Structure formats: structure tokens, C-alpha cells
1. Restricting to the range 111-142, and then to whatever is touching a helix residue (DSSP H, G or I) at 6+ places or on another chain (Cβ under 7 Å) and under 13 Å from Ala169 (Cβ atoms), can you tell me which residue is most open to solvent (accessible area, probe 1.4 Å)?
2. Quick check on my filter: what residues within the range 327-337 are open to solvent by 70 Å² or more (accessible area, probe 1.4 Å) and either β-branched (Val, Ile, Thr) or without any contact (Cβ under 8 Å) to a residue 12 or more places away in the chain (or both)?
3. For the range 172-182, how many residues are open to solvent by less than 70 Å² (accessible area, probe 1.4 Å) and part of a loop (DSSP other than H, G, I, E, B)?
4. Any residue in the range 175-194 that is within 23 Å of the chain's Cα centre (by Cα), over 28 Å from Asp233 (Cβ atoms), at pLDDT 95 or above and not aromatic (Phe, Trp, Tyr)?
5. Where residues in the range 1-48 are without any contact (Cβ under 8 Å) to a residue 12 or more places away in the chain, assigned to a loop (DSSP other than H, G, I, E, B) and within 30 Å of Arg252 (Cα to Cα), which of them is most open to solvent (accessible area, probe 1.4 Å)?
6. Confirm whether Val407 is at pLDDT 95 or above, touching a helix residue (DSSP H, G or I) at 6+ places or on another chain (Cβ under 7 Å), hydrophobic (A, V, I, L, M, F, W, C) and surrounded by 17 or more Cβ atoms within 10 Å (Cβ to Cβ).
7. Restricting to the range 368-382, what's the tally of residues that are surrounded by fewer than 22 Cβ atoms within 10 Å (Cβ to Cβ) and under 21 Å from Glu341 (Cβ atoms)?
8. Report yes if some residue within the range 283-297 is open to solvent by less than 10 Å² (accessible area, probe 1.4 Å) and either without any contact (Cβ under 8 Å) to a residue 24 or more places away in the chain or closer than 18 Å to Ser411 by Cβ (or both); otherwise report no.
Amino acid sequence: MNLEKSRELYARASRSQAGGVSSNVRLAEIPSPLFFTHGSGSHLTDVDGNIYIDYVLGQGPDIFGHAPAWLNEAAADAMQLGVTFSGQHELEIAVAEKLQRMIPNADLVRFASSGTEVVQAALRLARAYTGRNRFIKFEGHYHGWADSVSYSTTLPDATASGAREAPVAVPMSAGIPASAASDVITLPWNDIESVRRALDAHAHDVAAILTEPVMCNTNCIPPEEGYLRGLRDICDEYGIVLIFDEVITGFRIAPGGAQEFYGVTADLSTYAKAIAGGFPLAMFAGKGEIMSLLADGSVLHGGTLNGNLLGLGAANACLDRISGEDAPLRRMQDTGKALMEGLREVFRKHEIPALAQGAGSVFALTFTDAERITDWREHAERADTGMYAAFAAGMLERGVRLTSRGVWFVSTEHSDEDIARTIDAADDVIGSL
């Protein structure tokens, strides 16, 4: 495969942009950061003319594929009225009312610009509501790049991360002040007893439990039976705010996100990515008694572009499509499940130990002999990341673009032909490996 122009542009970009990219995540592209000219549906075309079946989908937002005409038209129509008013407009109300009907805990909502931002807003609300400072987060969960939550997200360092029974919060970047670690308690996920032990010692100072309801950023690990309900019960028992980070799961695994899918209601929840189908928009929602702290001015949340017409015009159209009678998310789940099963057949055929797990519309592929993986450390101990890197590079050569970390995103636009071609490519790559 010829990637000459991408490499030339990357060299050029590196002279004007730090690292040649606008997000450090993109530095991990296999074999190097690629440059694209356009996308259409489930496909992307790069500057060298290579066309890929895309399972990155902007890291999840593009649930309706690239550049759907109806979505672009909705955003363009809204933008004709203006972009940002630093004031209110009726479209904000219409979208907020639709969100209230879809999301179980959405007594009130507030719009914003990024997933990182809304997580910080939810933590601030939890602290104000409880009068406490600390929060629990789980190893392997990603909640944005801000200092307060950038701990223990990438694969663990056996020496720095401590024992599973006594985890150490490991900062994920230089420049995070040591003082920030004092507010976070990191714990293994899917272990309700570890949460109880931590709260036996720290309940008086814990404002919130912050969790991805599915550990999408590490192996798409689902919650164990009763685990989310257990967190809900513990939060009720100790007066702690339960926050679901639904930046990935929201509007992807069900119209009402993981709260609908698992039947557990959080006190606060955060959303970005799929809410506007790829246009920039984020939102947090929650119970009225907590969200009202924004209304009375005691908790500050601001943002110049909050409620911009471009994002809300796109969200308005997306929410109508998601909640419509043709059930696009169910179709997307079925497509993803068919792809997962096809990949499993390939690995069985070649007698290669591998695990495909997840919700269908988002899942992970891991080379491992484990029948299931339930937490971050188990993934680190039992996953062959080198094998996956070689597999992803081989798939790219055959016109299938994957994320570097093993997470696959499916859209409504992935066709039966796309799935068949992907499975054939996987068969070819595994045979060559």
C-alpha cells in the first residue's frame, strides 16, 4: 500500500503542529498518522487514494457514518441563522426536551463542547452537592485529559500501579501536579467488594463514584451481573453521587445509553461523541436537585460555544433519527454482532486464541487465551498487544482501518458487503501471521 503522500504531509505538519497532530491519540495510528481527503458512509479515502472500510469512525461519534447528507443539511440549515449568540434560542429547548424523553436521569440538561469538559462539570456538581472532595475512579477508565482524572488509564506499570488490592493512582502525563492525586481513589473495576472496603475508610470524604458503565476504552469490558446495581445501592447508602461517563455508550448502545441498556439510573451522566453524529457538542444531565445548583448560580459552568446552533442543529436531527421507528441502533448492534461472530469464526479456523467482546455497535478484539476479561490488570496480563498491532497493520494494508487499541466502532452505514470484506481480510491477515 502506498502511503507516500501521508508521510510527506506528516513531515510537513510536524513543522507547524506539535507532533504533527491535534490529539495525542492520533500519534498511535498504525503504521503512522494518516491524512484523509474525505469520507462517505462507512468509507474513508486518504491523500494517496487508498479507500478504507472505517471502524475508527472519529473514535466513535460517526454513528451514521461519514458525511450523511441529511445530517449535513440539518447542521447547515441551523448555521444559516448564526453560529453562536451568547444567548438562548428555541433549538436549545427542543433538543433538551428530546433528551429528557430519552435519558432516564435527565431531569435537567446543560450543553457544552467536549467530553473532558462535561466530566469536570459533573465532578464539580457532585462536590458542591455533597460538600466532599474526593472521588472514586476505576483503573482503565478514561474520562478525558484533564489533570483530575488522568490516572491509571493506559496499560499498568507493574511496579508503579501497586497491588490489585491496594492500587496506586498513576498519572498519565507529565505536568500533572502531585497534589491532584490526593482527590482520586483508584480501584479495580467489576469488584464491588473493593468499593466497599474503600468506603469503609473514606466514605466521609467521597463525593462521587465516576465510571464508564462499559469499560469501552479497555477491551470493551461489560459490567458483571449486578455490578452497576451494586454501585447504585452503595451510593444511595453513603449519600454519594453516581456519575456515568456515557461519552462513548450514550446514543450508541441504546437511545437512552447504558442507563436504558442496563436498567440502572445514575445521578449525573455525561455525553459527547454520538450526540451530534460527529459535529462538536457535549452535554451533561442529571437529577433536578443536583442540576439546580447550576440554576441558582452556586456552581459555575460556562463556555463561549455552549449551545451553538451548528452542534444543536445536528443533534436535533440525530436524536430524531435515533428515536425513530426504524430503530437504527438495533440494526447497528446486529451488524456489529455479525462482524464479531465472523471474526470469531476466523480465529477458530486458524486456531488462534482471541476474544471479541462488547455490545455490537462498539466492541473490542483481543488476542488472548482468556475466555473472558473482567478488568484492566487482567487485560494487561493476558492480552497480546503486539499481535494486535501486527493484525491492525495487516488489515490496513487490505483496506480496513482499525483503532490502535483494539476497539471497533460500527455505524449504521456498514453494509453486509463491508462485513464480508472485513472478515475475508481478517482471514487473510491471520493466515499470513
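The values are calculated or read from the model by the stated rules, or taken from the named source; none is laboratory data. The shown structure was predicted, so the numbers you read here are calculated from the model rather than taken from an experiment. For neighbour counting, all protein chains shown are included, and Cβ atoms are generated from backbone atoms with ideal geometry for every residue, glycine included. Keep in mind that these areas ignore ligands, DNA and RNA; they rest on the heavy atoms of the full protein, side chains included. Shrake-Rupley method; radii C 1.70, N 1.55, O 1.52, S 1.80 Å.
1. Filtering the range 111-142 for residues that are touching a helix residue (DSSP H, G or I) at 6+ places or on another chain (Cβ under 7 Å) and under 13 Å from Ala169 (Cβ atoms), the one most open to solvent (accessible area, probe 1.4 Å) comes out as Arg134.
2. Result: Arg330, single match.
3. 4
4. yes
5. Ser22
6. Judged against the criteria, Val407 is not a match.
7. The total comes to 5.
8. no
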